[in-house]
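Student: Got a structure for you, written out below as structure tokens; questions coming shortly.
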Amino acid sequence: MSFIIRCTDCGHEVVYHPLSNNCPQCNSQWREVVYDFEQAARALAQELPRRRFNLWRYREVLPIKNPIPELFMGEGGTPLIRAVNMGMMLGNMNIYIKDERQGPTASFKDRQAALTISTIKEAGLTEMVAASTGNVAIANSAYAARAGIKLWAFVTSLVPEVKMREIALYGSQVIKVTGSYDQVKQIAAEFAEKRGLFHDTGARAVTAVEGMKTIAYEIAEQLTEELGPREGTLPGQLRWRTPDWYIQAISGGLGVIGVAKGFREMKQMGIIDKVPGMIAIQAEGCAPMVQAWKLNLEEAAPVKNPKTHIETLATGTPGRSYQFLRKQMQNDGGLFESVTDEEAFRAMHVLAKMEGISSEPAAAAAFAGLFKLIHAGIIKPTDVVVVNCTGHTMPAEPLVLGNGWTRDVVLPQDQKPAQEEEGLLAALNRVAPDRFPRVAIIDDTADARRLVRRILQSQGDFTIFEASNGMDGLELVQREHPDLLILDLMMPEMDGFAVLDALRSNSDTAQIPVIVSTAKELTSEEKSRLQGQIQALLQKGDFMSDEFLEEVKALIH
């Protein structure tokens, strides 16, 4: 399949070569790959049924002439998982997780590395340079090792040592720089230029963007399989579905730039009918794009001293990535948002305890953003949402490498910021069952009972009782005398109001603390009826606003 490289500034077109990083006409480093999309659409429709579900499935829209099967390690083809429990908590049953942890090195950077290493191997190159906060260097190291390519990995000294050890384990040379990530990138660029080596420039590297865009193709194909084909789709015709929102945490913005390009290409080919709203989440302590977006600025001012423990999100100088993303979001209704470190850490716990998915903090930031935007009403209960779970930390044992596996570069003008205690402030971890060990749940919806049970079980050894209707629930409370009652109001026959009246009229049960949950918007008369009888009134779907957990914690403590 033919393709050309087009400069995004002057439009000049050239044939791709990995060592050509600048437009020969205007010297811009910002270029994109353009394909014969009419030809690509026909080829994909014909060939996809016979291909494996992986990154190379979409080879007609990848900038490589001859993919090298010997380098393949199962990149791409990651599952799309419906978030059943979180969906119940958030009041939206259309939330999906793109589980990029299941790539060869457990992050979405495998896509970038697989395509990049394949193209430089095809070009006959034997060395490369990459600056990284961890995952890029790990992924590139794995594929470089398989391809017999020497990798010089430049990382900031704040990158967790477990990640550095994994980079070194693959045989890459780790250059640990005591400085900011922006300074690391500058040093890496100078090193590559001096030696004439290929340099992975992130969002400016066409192979990096093209590798990332395959996430969009997979999501569209997987959602179609999950939700069914669009109306009017003929046999053999590619007419896929897209979500309303795609959410990802970003540092330099590469991932979202690539995914957005993938969706735009599919729309151009007529495979999809809309591009989803792209939502980019940054850490609050290093959020130059979010700040610029909220001030409606065309350029993002650098953050010189990032204040976040999530080092993989600590890119203070986004450069033109912000401009590209801002244009994309203005066109298709996306947005930027930030979350605190504490919100991201809490989301790690919620994701693990609710969905069985263990993510690194950078990935959890995207889920913290999801919680925030649902609570703000921006994401609606019926919206289809895909969140990218970008990575899972896989540490290498410290004794495997011995000493001397890094080369240190110290920049004297910068000092490493003092490490603050990581505040894993998730309320899910602070609820103890010592004072209120027995909890009763009365709700006619089995999923709601299961959800509350799971939340409580994640805190400790509670004894939990359940009833599926008001009559059985009242008998349960009178028989077991629980220390806390979680009560649904809207139940057939005997509703929550009647249960409350019966409990309060009995001196044995009148003092039991009650948290009421309801999916119904109560009238002022109904709210007045509850006044003085309960400790909290919660709307179902608002559990992630902290209200449920904070109310339980307040009662117990």
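Read-outs: derived from the displayed coordinates by stated rules, not from any lab. Please read these numbers as outputs of a predicted model, since none were measured by experiment. Cβ coordinates were reconstructed from backbone atoms using ideal geometry, including for glycine residues, and neighbour counts include every protein chain displayed.
Student: Rounded to the nearest 5, what % of DSSP beta bridges with both residues in the chain are antiparallel?
Tutor: 15
Student: Now, a different point. Given points 7 Å out from each Cα along the Cα-Cβ axis, report the VAL162 to ARG529 separation in nanometres with one decimal.
Tutor: 5.2
Student: Continuing with this model, one more query. Measure nothing but the geometry: give the 0 to 90° angle between the long axis through the Cα atoms of 361-375 and the longest principal axis through the Cα atoms of the chain, rounded to 10°.
Tutor: Around 50 degrees separate the two axes.
Student: In the chain, which Cys residues have no partner Cys with a Cβ closer than 4.7 Å?
Tutor: CYS286, CYS389
Student: Taking the Cα-to-Cβ direction at ALA352 and at GLU38 and moving 7 Å from each Cα, how far apart do the two end points lie in nm?
Tutor: Modelled inter-label distance: 5.4 nm.
Student: Right, another one. Taking 0.36 nm per residue of separation and subtracting the Cα-Cα distance, what length does fully extending ASP244 through MET93 add?
Tutor: So the extension gain works out to 53.0 nm.
Student: Could you state the angle between the C-alpha long axis of helix 181-195 and the longest principal axis of the C-alpha atoms of the chain, as a value from 0 to 90 degrees rounded to the nearest 10?
Tutor: It works out to around 20 degrees.
Student: Pairs LYS213/LYS327; LYS194/LYS307; LYS274/LYS380; LYS274/LYS327; LYS213/LYS304; LYS194/LYS261: which exceed 28 Å Cα-Cα?
Tutor: As for pairs spanning more than 28 Å Cα to Cα, those are LYS194/LYS307; LYS213/LYS304; LYS194/LYS261.
Student: Using modelled amide H (1.01 Å from N, peptide plane; none on Pro or chain starts), what sits under 5 Å from the amide H of VAL409, excluding residues fewer than 5 places away?
Tutor: For VAL409, whose amide H was placed from the backbone, the distant partners under 5 Å are LYS176, VAL177, THR178.
Student: Moving on. Of the listed values [x] 48, 27, 20; [y] 68, 22, 19; [z] 41, 26, 24, identify the label whose number matches semi-axes √(5λ) of the Cα gyration tensor in Å calculated from this model.
Tutor: So the structure-derived entry is [x].
Student: Can you grab the distance from the C-alpha centre of segment 260-308 to the C-alpha centre of segment 74-99, Å, no decimals?
Tutor: Their Cα centres are 21 Å away from one another.
Student: Taking the mean number of other Cβ atoms within 10 Å as a proxy for protection, how do you rank 90-96, 141-147 from highest to lowest? Mind dumping the intermediate values first?
Tutor: On the way: 90-96: 20.4, 141-147: 23.1.
Highest mean packing first, the order is 141-147, 90-96.
Student: Moving to a separate point now. Simple spin-label model, 7 Å along Cα-to-Cβ: LYS304 to SER505 in nm?
Tutor: 7.2
Student: To the nearest 10 degrees, how steeply does helix 470-480 sit against the main Cα axis of the chain, on a 0 to 90 scale?
Tutor: That helix lies at roughly 80 degrees to the long axis.
Student: On the Cα set of segment 79-163, report Rg and Dmax in Å, please.
Tutor: Cα-based Rg and Dmax for segment 79-163 come out at 16.9, 53 Å.
Student: Can you list the residues, at least 5 places off or on another chain, whose amide H is less than 5 Å from the amide H of PHE465, using H built in the peptide plane?
Tutor: VAL439, ALA440, ILE441
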